Structures are given as structure tokens and as C-alpha cells.
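The values are calculated or read from the model by the stated rules, or taken from the named source; none is laboratory data. Please read these numbers as outputs of a predicted model, since none were measured by experiment. No Cβ is skipped: glycine too gets one built from the backbone with ideal geometry, and neighbour counts run over all protein chains shown.
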């Protein structure tokens, strides 16, 4: 997926501010990120005397009373019905089979048989899948409209290979994979525990059993994904799985609930400009977020390079939010389907005053498409500053003159490059011995950047 992250250290206003812009397939190791679940969590608890989904606000513990509850009950022999708050949209969750959900003791699947495991398994052979999204009115009830981390308890069978699609406004923005048994390819992916690299795209789960009737937690895998989205779909490519919520884990059931960490973000679609000749007749700007005082003020503008050596043919869905906690800033997540030529305008929170020319350098990190990064220090923009069809500034030669902007990552198909078009620094006022830095950065490809001390 493509991610734009911009953040500034909130440790001390007298210290240098750092910033991060990420449009990368991998996380920025060693750099601060927002704590997930700033708007709370949804916990799927299955295998209890009372099976349920509960919403808890940020910081709530196991003993904290749930703010909202959605009870899960049997309908007939093994159908599923729910009562209470509509937190997870169970009514539109089943794909394939008989088009409805099945419930077992501790397991949810797609109903395709009269009883037994056919009620609560999701099978590749039947072309079934589960899509998990929020129920109507969810944002009004919780203050959240997206997730930024998933911890999923799945039971697997028959050498399962599962795909998980993260979606924004119905568009797939990232795909992750879980493999078990003979579906595991030697040397490909990582093995649990996954916390060592939670953003890796392929997880190998060496479950100890193949879902026998008395396997307990021996056939379960915990799938941890750090990503930003509105819904996700789990598809079995090989074998079968069931969605679970800790019921097979005995005394450790709570720690093994399926947990969705919640956040709030601006949601929109970047077009190619509102004009008669636009291929995607939608605005090219995100909303602006933050205030530049307590957090970073920033906005992204898509460039239409259709007359400048590129194309603008696809609408790009995005989520855009401020990052709080130990880091101040914002991030934008987009679909990876098309390279984005764009600019970002950022005003950072106040930082220590430096002499002219002694400001911290901006550091660029390009994803190499293989889980690694390449560092690059951008200079001020050179070349011919021109306007695209919408009047937004860019550099003519980047896409039209070979070698003018050397591609920083030859292992990926996109042009990877960036430059600083404009920068200004000014003291806030005579009473505050600090300054604010504003930058306009032009960028192409999947990148990240940072300002501040190394």
C-alpha cells in the first residue's frame, strides 16, 4: 500500500522537530509511529457463555465495562443472529456458500451445510470468504471510522493459504497472506511470533494440528497486521478457516480475542481535477488537517502529469488523519495501483531556532519493494517549474528528460524522486524563542522523509 506519514516529535518544544512522510510498502523501522487504537477497540469474543463483540474506549482494560455490546446468538441449528449495538456488519459479512453466516461454539464461517463444521468453516473449494466491516451508524456511536491495527484469531485446516485484503471505500489498498502446512514455501515470508516484523506481507504459521476435533488452540494462528483501512476481506485460496475470538485458548481467551484497533480519519478520493477534459473529474486535493500548533498542519495535492510525460487515469481512494501521542503529524494511505505524482504542504509545530542554513536536513527513504529502504537527501528543486492542467506546480523535466531526476530505486517500476520546492522559517513571536518551518515538497513514487537530528 502507499502511505504518507508526516509527524513531529512532541517530546520537547525546545528540541528539534522531526517529520516523516511515508509512501512505502514497509514500515519505517526505528521511527516513532502513532499508538494504534486511539479511538478504542472492537473485541470479538467467541467460545464464551455469552458470545459477543464489545467496544471499549482507548485505554480500557479487561475489567473495564464495555461501552457498547453486540451479542452473537445461534439461529436454528447453526445459523447466526445478533442483537444489541450494530458494531460489526454481520448482515453483509458472508460471501459464497448459502450467502449467510454459520456459528459454531467459538467459530464463525459461511453456512453451506446442514450441521457440523460446514456451518462455520470458510472453504476455498466453495469459493467462500468473509468481509468484516463496521455496522451502520458506527462512527456516530464510537467516534471512529477506520482501523489501524488488526489482531485476528483464525483456525486453519487442510494446509490453508489465506489472503487478507484491506479496503478503503471499497478499494483494495493492501493484501496480506497467511500460509500453513504444505502451503509454506521455504525461505518466503516470516514465522510467528509476528511482532518482530508485523508489516511483513507473508506470515507462515506452523500450527501444531490440522484442525482435528480436539485440537484446541493447536490449529489456531494469530494474524497481526498494522494497516489503515475501513474493512477487510479474508479469502481462503487453499484449504479452510474459521474466524475465532479466543475460545480455544482456555484461561488465555481474552488475550487471544480478535481485536480491531480503531481510529478516526478523513476519507476521500483524489481525482485529476474538476474540469471538462479530466479523465477522473474529481478534486485533486485532500482536506487539510491539523493546526500547526498542537500538531502538524498538512495537505496533499495530486499532480496531473498527463501533459508532462505521465498519466492521470485512476481515482485514488485515501484515508487522511493526524497522528497523536508521542508523535505529532498526519498520514495518508492510498491504493498502490498507480504511481502518485504529488506535492505536500506542511507546517510543523514549533521547534528550536537555528542559524540560517543550519536547519536539519530533510532525509528521504525510498521503499525498495523488498522490505528494505534506500536513504536519499533531497536538494532544492531545479529545472523548469511549470503548472499542470489544474495550475499546480511541478517540475517539467522529471518525467520528460531521461536522467534529469535519477530514479533512486531501480528495483521498482515507479520513478522514485523528490525535491524541496519551497521552505520558510519564521519565529512565532517575540515572546517565544522558537520557530515554525513550512515546506512544499514535490514527490514521485513510494517514499518517506524525515527532518531533525539523526
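Testing residue 440 on (1) at pLDDT below 90; (2) surrounded by fewer than 22 Cβ atoms within 10 Å (Cβ to Cβ), one condition comes back false. Which one is that?
(1)
What number of residues within segment 252-267 satisfy the criterion of being assigned to a strand (DSSP E or B) and touching a residue at least 60 places away in the same chain (Cβ under 8 Å)? Full working, then the answer.
First pass over segment 252-267, keeping only residues assigned to a strand (DSSP E or B): 258-263, 266-267.
From what's left, touching a residue at least 60 places away in the same chain (Cβ under 8 Å): 258-263, 267.
Final tally of qualifying residues: 7.
Please work out which one of (1) more than 24 Å from residue 231 (Cα to Cα); (2) part of a loop (DSSP other than H, G, I, E, B) is the condition residue 299 fails and give its number.
(2)
Quick one: is residue 109 part of a strand (DSSP E or B), over 21 Å from the mean Cα position of the chain (by Cα) and either in the same structural domain as residue 241 (by TED's automatic domain parsing) or modelled with pLDDT of 95 or more (or both)?
Details: part of a strand (DSSP E or B): yes; over 21 Å from the mean Cα position of the chain (by Cα): yes; either in the same structural domain as residue 241 (by TED's automatic domain parsing) or modelled with pLDDT of 95 or more (or both): yes.
So residue 109 fits the description; yes.
Step by step: first the residues of segment 226-239, then only those that are touching a helix residue (DSSP H, G or I) at 6+ places or on another chain (Cβ under 9 Å) and surrounded by fewer than 23 Cβ atoms within 10 Å (Cβ to Cβ), then the one that is farthest from residue 37 (Cα to Cα). Which residue is that? Give the derivation first.
Initially, segment 226-239 is screened for residues touching a helix residue (DSSP H, G or I) at 6+ places or on another chain (Cβ under 9 Å), giving 237-239.
Filter once more, keeping what is surrounded by fewer than 23 Cβ atoms within 10 Å (Cβ to Cβ): 237-238.
On the way: 237: 30, 238: 32 Å.
It comes out as 238.
Quick one: how many residues across segment 47-63 are in contact with a strand residue (DSSP E or B) (Cβ under 6 Å, 6 or more places away or on another chain) and farther than 18 Å from residue 86 by Cβ? Working first, answer last.
The initial filter retains those residues of segment 47-63 that are in contact with a strand residue (DSSP E or B) (Cβ under 6 Å, 6 or more places away or on another chain), namely 51-56.
Now drop any that are not farther than 18 Å from residue 86 by Cβ, which leaves none.
Of the residues in that region, 0 qualify.
Look at residue 103 and say whether it is touching a strand residue (DSSP E or B) at 6+ places or on another chain (Cβ under 7 Å), in a strand (DSSP E or B), at pLDDT below 95 and under 19 Å from residue 153 (Cβ atoms).
Details: touching a strand residue (DSSP E or B) at 6+ places or on another chain (Cβ under 7 Å): yes; in a strand (DSSP E or B): yes; at pLDDT below 95: yes; under 19 Å from residue 153 (Cβ atoms): yes.
It is true that residue 103 is touching a strand residue (DSSP E or B) at 6+ places or on another chain (Cβ under 7 Å), in a strand (DSSP E or B), at pLDDT below 95 and under 19 Å from residue 153 (Cβ atoms).
Taking segment 125-159 as the search range and keeping residues that are assigned to a loop (DSSP other than H, G, I, E, B) and buried (at least 19 other Cβ atoms within 10 Å of the Cβ), which one is nearest to the chain's Cα centre (by Cα)?
Going through segment 125-159, the residues assigned to a loop (DSSP other than H, G, I, E, B) turn out to be 125-128, 135-137, 143-145.
Subset that is buried (at least 19 other Cβ atoms within 10 Å of the Cβ): 128, 144-145.
On the way: 128: 24, 144: 15, 145: 13 Å.
Selected residue: 145.
Please determine whether any residue of segment 87-96 is assigned to a loop (DSSP other than H, G, I, E, B), in the same structural domain as residue 259 (by TED's automatic domain parsing), farther than 30 Å from residue 331 by Cα and over 25 Å from the mean Cα position of the chain (by Cα).
Going residue by residue through segment 87-96, those that are assigned to a loop (DSSP other than H, G, I, E, B) are 87, 89, 93, 96.
Checking the rest, the ones that are also in the same structural domain as residue 259 (by TED's automatic domain parsing) come to 87, 89, 93, 96.
Restricting the remaining residues to those that are farther than 30 Å from residue 331 by Cα gives 96.
Adding the requirement that they be over 25 Å from the mean Cα position of the chain (by Cα) leaves 96.
Checking segment 87-96: at least one residue is assigned to a loop (DSSP other than H, G, I, E, B), in the same structural domain as residue 259 (by TED's automatic domain parsing), farther than 30 Å from residue 331 by Cα and over 25 Å from the mean Cα position of the chain (by Cα).
Quick check, is residue 84 within 24 Å of residue 128 (Cα to Cα) and surrounded by fewer than 21 Cβ atoms within 10 Å (Cβ to Cβ)? Before the answer, list the steps.
On the way: within 24 Å of residue 128 (Cα to Cα): no; surrounded by fewer than 21 Cβ atoms within 10 Å (Cβ to Cβ): yes.
For residue 84, the condition - within 24 Å of residue 128 (Cα to Cα) and surrounded by fewer than 21 Cβ atoms within 10 Å (Cβ to Cβ) - is not met.
List the number of the failed condition for residue 62; all other conditions in (1) surrounded by fewer than 18 Cβ atoms within 10 Å (Cβ to Cβ); (2) farther than 15 Å from residue 258 by Cα hold.
(2)
When both residues are 6+ apart or on different chains and their Cβ atoms are under 9 Å apart, which pairs have a first residue that lies in segment 102-129 and is under 13 Å from residue 234 (Cβ atoms), and a second that is at pLDDT below 85 and in a loop (DSSP other than H, G, I, E, B)?
121/113; 121/211
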